[in-house]
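For reference, the structure is listed below as structure tokens.
Derivation of every value follows stated rules applied to the coordinates shown; laboratory data play no part. Everything quoted here is computed from the prediction, not taken from an experiment. Note that we place each Cβ from the backbone using ideal geometry, even for glycine, and neighbour counts take in every protein chain shown.
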Amino acid sequence: MSGVDTSDRERLEEARLGLIAKTSAAERRNRPTTLLALGGVAAVVALGYTGWQLSARLAAREQLEAQEARAARLGELLGQIEALRLPGDGAAEGDAEAGGPDPLRRAPEQAQLLEDLAKELGFTDTRIVTSLDAARSTPRFELNEFRLSYSDEPTERVLRMLLRGPGVIEGMQVSGVSMRPARGTDDQRPTWNGVLSFSRWQRKPPG
């Protein structure tokens, strides 16, 4: 009887994880990409400006003025998000509409797909660090995590990675975003240091 219960639980777990992955893809299709971008920029502005306020209390008057000027320029990006979308920003999601590939299939190429996207977008460091979240994995499924650390990258590049990363393979999701103000460009445009994290469930290897 326990063998039947175990088999039922495994099927239920597989169905649950598959539904999560497909639901995530459906939500991305039904949610306007521009709204996602606007929300991302709003979060960036809030995080960046809070950090600037804290540091300004210890900075000289001229440093404060420079930081406020950078914050104002960053805010102007809110009106320019429409221009950030590339023709391929929503690619790789069409498969899910017709049933698509198995969202939980093993995919050894998934880290390379994220690295290729980072190269295409122009990141200076495109290395993807992979890890396995053993604590959240189950007897039949594992949670793979992917981290891209970046330094002194412009806002547009970071946002495009966030928008397009989940589209490189069925089931990929954004799991974390870290952004800290960097030195900025020579023409005083804001840049950022931080980490972008992605994750994906997949079946464990047989045996």
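Rounded to the nearest 0.05, what FRET efficiency do R203 and Q112 have when you use their Cβ-Cβ distance and R0 = 25 Å? Present the calculation step by step, with values, prior to reporting the outcome.
Working: r = 19 Å, r/R0 = 0.76.
Efficiency, rounded to the nearest 0.05: 0.85.
Using the beta-carbon distance between K119 and D8 and R0 = 45 Å, what value does 1/(1 + (r/R0)^6) give for FRET efficiency, to the nearest 0.05?
0.50
So what is the relative contact order for segment 121-207, in percent, with contacts set as C-alpha pairs under 8 Å and at least six apart?
Once divided by the residue count of segment 121-207, the mean separation gives 34 percent.
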